[in-house]
Amino acid sequence: MKNPLQSLLIVFAIGLCGLCTWQWFSQMRQQNQLNALAQSNYDQTVAIQGYTNSLNAADHEIAQLDARLTELRDGLKSNTAVLFAVRADHNRLTAVAEQYSNAVVVLESQLKQANEIIHQQNAGVKHLVQERDEYVSRLNQSIKDRNALVTQYNALVKQVEVLQAAQSPKQSPP
């Protein structure tokens, strides 16, 4: 009986070894699947974290863009008000510029008239200067003539005095 029992024991030992091997192989496959699932879980967690960070960044950027949009709308409102004021000023300044241009035209015509009057007055003054120069030259000529006459008179007076002086000593001896 040793032989069939030993054979049975060997079969059971080999069966037990096969069972252990199959158990070990099965646990290894399960461990690999568990590791794969853990890695997949880790990758998904990292991806979820990335998506969460991306969403937070997007929310922050959306909030900034919303604030900027609000600022731009407020700026648009104030710019619209300024634009209306600038247009009103432009219209007012255009009217004033038109008035000034009309005033410039009127002033230019008055300036031309004043220039013509000044030219006429200058011509009159030149004519008066010429007449004055003529009268002054006549006056100078008459003064020269009178001075010459006075010089002649003085010469005659001296001659008369000389003659009287010459005759006076002759008349004194009598």
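Given all pairs of different Cα atoms, what value in angstroms does the Kirkwood hydrodynamic radius of the chain take? Each step should come with its number before you reach the end.
On the way: mean 1/r = 0.0303 Å⁻¹.
Taking the inverse mean of 1/r over all distinct Cα pairs, the chain comes out at 33.0 Å.
How many lysine pairs are close in the chain, with Cα atoms under 28 Å apart and the two 8 or more places apart or on different chains?
Values: K112/K126; K126/K144; K144/K158; K158/K170.
Close lysine pairs found across the chain: 4.
With r defined as the distance between the Cβ atoms of D66 and T45 and R0 fixed at 25 Å, what FRET efficiency is calculated, to the nearest 0.05? Before the final figure, lay out each step's value.
Values: r = 31 Å, r/R0 = 1.23.
In this case the efficiency is close to 0.25.
The numbers here are math on the coordinates, done by the rules we state, and not lab data. From a predicted model like this one, the values you see are computed outputs, not experimental measurements. When we count neighbours, we look across all protein chains shown, and the Cβ atoms used for this are built from the backbone with ideal geometry, even at glycine.
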